[in-house]
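The structure appears right after this line, and notes come after that.
No value in this document is a laboratory result; all are computed from the given coordinates. What you see is a predicted model, and the numbers here were worked out from it, not measured in a lab. With ideal geometry, Cβ positions are generated from the backbone for all residues, glycine too; neighbour counts draw on all protein chains shown.
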Amino acid sequence: MEIFYLFSGFALVLAAAVFVTAILVKWHEEKRLGEFQDNILKKQRDEVQNIYGLMRGWRHDYHNHLQTLKAYLRLGQIEETISYLDHLKDDLDSIDIAIRTGNVGMDAILSSKISIASKNNIAVNYKAAVPDKLRVTDVHLCAIVGNLLDNAIEACERVAPEKRFIRVYIGIFKQQLYISVSNSTDSARRKKLSELISYKQGEHGLGLKRIDRIVDTYGGFVNRKNEPEVFVTEVMLPL
């Protein structure tokens, strides 16, 4: 009988130890994910603030640009005027938030990420339209798209410049918000998703988990396709 009580007590202690360990592991994982989310949001906020700062600086220089152009025209220097205008156009194109999706947060995050992609010689093709009313919050929506584009940009950086591309589509499909991001990769063969998850350690792994958890919160769906030299992520979110 004593042996029975001894084993019962040992089993209870073991079960308690396993339970506490599971709680600690979950707490640690949640803490890491929370810290990662905070860092991503701070990074995205800094990127957006940088764009607006550049735009404010350009507007501040607007009158100086006009004076320079007037001076060229008074002197009859047409070629110099055209060259100066071309330079201004290139400068403005690099900082202008020209993306209009119907959602201010999405406009900002897409503009920020596409600007970063362009600086890294990545060709970006996008089409995005976000409805006025959504179940998903702006913070969660921007977190999903921001993580997807961060991973896409980093994958493209490992590819030869002439092969780099990112394609983004956001719109309504089958009465759901559909998000698709595809990008070039340096993988010459199709990988299993288990390989991808084991490879994507650190912030990348946390980014994938963050996307999955947000989508799961809204009862959505995530589909990843890892084909040779192309990686695609599709997200479906109920409206």
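Could you calculate the FRET efficiency of LYS119 with VAL232 from 1/(1 + (r/R0)^6), where r is the beta carbon distance between them and R0 is 22 Å, rounded to 0.05? After rounding, the FRET efficiency stands at 0.40.
The H on the amide N of ILE166, modeled in the peptide plane, is under 5 Å from the matching H of ALA123, VAL124, ASN125, each at least 5 residues off or on a different chain.
Below 8 Å, C-alpha to C-alpha, sequence gap of six or more: please give me the relative contact order for the range 59-168 in percent.
The normalised contact order for the range 59-168 reaches 25 percent.
A Förster distance of 41 Å, applied to the separation of the beta-carbon atoms of TYR84 and VAL104, puts the FRET efficiency at 0.80. Spin-label pair ALA71-ALA160: with each label point 7 Å from Cα along the Cα-Cβ axis, the two points sit 4.6 nm from one another.
Can you pick out the pairs among LYS119/LYS163; LYS119/LYS209; LYS133/LYS225; LYS70/LYS113 whose Cα atoms lie more than 26 Å from each other? Exceeds cut-off: LYS119/LYS209; LYS133/LYS225; LYS70/LYS113.
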